[in-house]
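The values are calculated or read from the model by the stated rules, or taken from the named source; none is laboratory data. Nothing here was measured: the structure is a model prediction, and the numbers come from that model. With ideal geometry, Cβ positions are generated from the backbone for all residues, glycine too; neighbour counts draw on all protein chains shown.
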Amino acid sequence: MRLSGKVAVVTGAGAGIGKSIAEIFAKEGAKVVVSTRRAANGQPVAAEIVRNGGQAIFVKCDVSIEEDIKVMIEKTLEEYGRIDVLVNNAGVNFVKSFEELKPEDWDRVMNTDLRGTFLCSWYSIPHMLKQGKGNIINITSVHTLAGLPGAAPYDAAKWAVVGLTKSMAVEFASRNIRVNALSPGLIDTQIWDDIKAAAPDMGECLTYWKSNIPAGRVGTPEEIAYTAVFLASDEASYITGANIVADGGMTSQLISQEPFKSKSLEGGSHG
């Protein structure tokens, strides 16, 4: 029960990583505010947590809408009286070539992935300061270390969130508020399902992606959630301003391992 007694707000908690974070935070003793823009997704998550003996409420919130965020914070305080942990997980995935990109595409991603993270933090921090402590975890992506073609708004937003994370961490460290980023790699969520569905050949798709991950497999939402539990717990009390990468080693290698499996490398020396 590493989060016993803590109140945690989790945005984008209706599915995938956010859902797992909400559920596992509750198992670790947190009182959880399950937030998502669709009640049909979020309400069942909160209800299931309660059925399993945890404490949770659902609050409908689209983080691209400032008024929704204000209501989410107000309802959290009405129900639980404090905010110990904010997990900024809500985000929009986006793939479109730069030449086809429209300004409204850019704005949609930025308003959710970056501005939403800023506003949720901005409305939460005054209450954390009054409490004398707080903890913010910004869920970003391995796109904060390397980019892909066709992902300009997403890459830009996630890199910006890391910059925001570090700036806030430095500013609030002396006032006992920790701020960290958590960057998942390829995780078994709807995004992975979409990648597989779009692949002309499923076998080649699986081989290609696994060759890009030294661990040889896609990660699970629960693995990211337990990393978030650590960051939210007092065990991580000296960690702030960090970007924790959980990607099975994906961003540690220069190129895919797959081309080297079909032929040996001969000759050459180093040093």
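Total residues in the stretch 171-217 satisfying the condition of being of a type in the set (A, V, I, L, M), free of Cβ contacts under 8 Å to residues at least 60 places away in the same chain and closer than 19 Å to Gly248 by Cα: the figure is 4. Among the residues making up the stretch 98-114, those that are within 18 Å of Ile65 (Cα to Cα) and either touching a residue at least 40 places away in the same chain (Cβ under 8 Å) or outside any helix (DSSP H, G or I) (or both) are Asp105, Trp106, Arg108, Val109, Met110, Asn111, Thr112, Asp113, Leu114.
Has the stretch 103-118 got at least one residue that is in contact with a helix residue (DSSP H, G or I) (Cβ under 9 Å, 6 or more places away or on another chain), acidic (Asp, Glu) and surrounded by fewer than 15 Cβ atoms within 10 Å (Cβ to Cβ)? Yes, that holds for at least one residue.
Residues are listed down the side, and each one gets a yes or a no for (1) of a type in the set (Lys, Arg); (2) modelled with pLDDT of 95 or more; (3) at positive phi; (4) not in a helix (DSSP H, G or I):
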| position | (1), (2), (3), (4) |
| --- | --- |
| Glu78 | no, yes, no, no |
| Lys96 | yes, no, no, yes |
| Gly116 | no, yes, no, no |
| Trp122 | no, yes, no, no |
| Met128 | no, yes, no, no |
| Pro153 | no, no, no, no |
| Lys158 | yes, yes, no, no |
| Ser167 | no, yes, no, no |
| Ser174 | no, yes, no, no |
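Within the stretch 28-60, the set of residues being part of a helix (DSSP H, G or I), under 19 Å from the mean Cα position of the chain (by Cα) and either within 21 Å of Ala232 (Cα to Cα) or acidic (Asp, Glu) (or both) comprises Val45, Ala46. Note on the stretch 197-215: residues that are in a helix (DSSP H, G or I) and either under 23 Å from Val245 (Cβ atoms) or touching an Asp or Glu at 6+ places or on another chain (Cβ under 6 Å) (or both) total 5.
Only one of the numbered conditions (1) buried (at least 22 other Cβ atoms within 10 Å of the Cβ); (2) over 21 Å from Lys6 (Cα atoms) is not met by Phe25, and that is (2).
Among the numbered conditions (1) within 15 Å of the chain's Cα centre (by Cα); (2) surrounded by fewer than 19 Cβ atoms within 10 Å (Cβ to Cβ), the only one that Ser121 does not meet is (2). Contact map, the stretch 237-256: residues that are modelled with pLDDT under 90 paired with residues that are surrounded by 12 or more Cβ atoms within 10 Å (Cβ to Cβ) and assigned to a loop (DSSP other than H, G, I, E, B), Cβ distance under 8 Å, separation 6+ or inter-chain. Pairs shown: Gln253/Asn212; Gln253/Pro214; Ser256/Asn212.
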